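The values are calculated or read from the model by the stated rules, or taken from the named source; none is laboratory data. Quantities reported herein were computed from a predicted structural model and do not represent experimental measurements. Positions of Cβ are generated from backbone atoms using ideal geometry, with glycine treated the same way; all protein chains shown enter the neighbour counts. The protein model used for the area step is the full one, side chains on, heavy atoms only, and it has no ligands, DNA or RNA in it. Shrake-Rupley method; radii C 1.70, N 1.55, O 1.52, S 1.80 Å.
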Amino acid sequence: MSLKSKLVPLIRQCLVTGGVSLGVMEHGLVLGFTAILLPQLRQNPKMNMNIYIESWIASINGLSFFCSFFPGVIIGPFIMRKYGRRKANLVSAIIMIIAWSCIFAASDVNLILTSRFLQGVALGLSSMSASVLIGEYTTPKYRGAFLSVMTLTMLLGGLIVHMIGSFLIWNQTALFCLSIAVLDAIIITISPETPVFLATNARYDECRKVFHWLRGFDEEDELDAMIKAAVIKKSMKCESNKSSLKDKVLHVISFLKRPDFYKPLIIMLHLDIIELWCGYMIIETYAIDILTMLLGDDINVPTNIMIIGVLRIVSCLCAIPIHTKIKRCTALKLLIGLNVLSYMFLSGYAYLKEQHLFKDFIVGSSLLYLLVFSFSAGSIPLVCTVSSEIFPLEYKEVSTMITTLFASLNITLKIKTFPYLIEAIGMYGTFLMYAILLTYALIVTYCMLPETKDKTLQNIEEEYWIKPSQDTNSQNDELTPIKV
């Protein structure tokens, strides 16, 4: 096979995933925007800032992840199944454009709060469609790398907004973020729909055309298996539509008991615990408090925040070859295990410092940087990668909806409880509790997670989920493939 035939599909996959990655970057931009917004609003007497208003602006980022994710995840599955994954991502980009435009033009706090609520809706939609799009657009060989790049853009978004906000006023920073959202919408508009969605909706010729445009002509086995599975599921759906209401209710109850529904869901819920309690959210939201408590009040806070931001980017770049070469279960054991150990080391150091037994800037900062590396190179990209692979197509939308709602609750819980935990049990107790929580999630996930590296989505579904459920559901055994 010529170099051109390999390179052209890869470039096309880079193009379509670029729109997805810019949407994920918005997560970092929205989260990091608060850090530069509040100090500047305090200096503007027209905003009438007080502690009550500031607390709402600071906390709505976590609170809106639940309140705004809820309509997002209810609307998201409908849009993804009815109109396509790409259009769901496009709706997210349009809402984000409206939100950033409102912040840019805002002259009072109420419009800022409303805009950030809209951003939560947009993030809810993009979080549902992003990993699905990457999984269905890309070849299995490069899927891990593409998903690691997606994580990189999220971390890059936080670093960029902090840097831009250091030189521009807050509404000019919002204008810069608006330009990112516009570019995202343009790339999504010129991108095709995913082959999986086209096959599911019986658009087989278009599916083949898009698949060949994205992947070339060397993955025909995956294409044939994808269309074959779509035909079988379509025939099953036709039979289901003829059933009575009682039969449909019994069908819903039966699929809740199916291993191909609940096993991937249990795995993903525990992976969500790993991702959301790994340390990224608290470092991003409470960086100054953590730095001063661990390293002292006399440190250069802006410099250390910048170091952490750069370290996150470098660590995420390291994740690309790691998750391309190493098996998922091995990476889970090594990198999440490192995340747990870094929490425990920080807990021990924080305890010794609080008891005035030991204090050293190099040791404290090194342990903090180890934590940053562990979640930037391990927890975040690994969860992002696996989430795009394990859900069977039949339950992908509803499973993603459930996990996104669960994630939004965890985000709100973690951001809200961190200051109270620090006051109640100290920094060492808080980090130790996080280490125990991650250990539990790691054990459950490691015991249940199948190896998915370098396997097509169809292979994963057939090998791990469909066949076990067929053993307990004889209806599937009676189905015969229909020729297309």
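How many of the residues in the stretch 373-389 are hydroxyl-bearing (Ser, Thr, Tyr) and either touching a strand residue (DSSP E or B) at 6+ places or on another chain (Cβ under 6 Å) or more than 21 Å from Arg85 (Cβ to Cβ) (or both)?
3
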How many of the residues in the stretch 138-156 are over 24 Å from Val30 (Cβ atoms) and among the aromatic types (Phe, Trp, Tyr)? 1
Of the residues in the stretch 101-144, those that are open to solvent by 10 Å² or more (accessible area, probe 1.4 Å) and under 15 Å from the mean Cα position of the chain (by Cα) come to Val121, Ser127, Ser131
If you take the residues in the stretch 166-182 that are at pLDDT 90 or above, aliphatic (A, V, I, L, M) and within 17 Å of Gln40 (Cα to Cα), which one is least open to solvent (accessible area, probe 1.4 Å)? Ala174
Selection count, the stretch 428-447, where residues are open to solvent by 10 Å² or more (accessible area, probe 1.4 Å) and either touching a helix residue (DSSP H, G or I) at 6+ places or on another chain (Cβ under 8 Å) or not β-branched (Val, Ile, Thr) (or both): 11
Is it the case that the stretch 416-431 has a residue that's at pLDDT below 75 and within 30 Å of Lys359 (Cα to Cα)? yes
Residue pairs within 7 Å by beta carbon, gap of at least six or interchain, first lying in the stretch 4-26 and touching a residue at least 60 places away in the same chain (Cβ under 8 Å), second among the acidic types (Asp, Glu) and in a helix (DSSP H, G or I), listed first then second, are Gly19/Asp184; Leu22/Asp184; Gly23/Asp184
Filtering the stretch 10-36 down to residues that are over 19 Å from Tyr280 (Cβ atoms), more than 13 Å from the chain's Cα centre (by Cα) and open to solvent by 10 Å² or more (accessible area, probe 1.4 Å) yields Leu10, Ile11, Arg12, Cys14, Leu15, Gly18
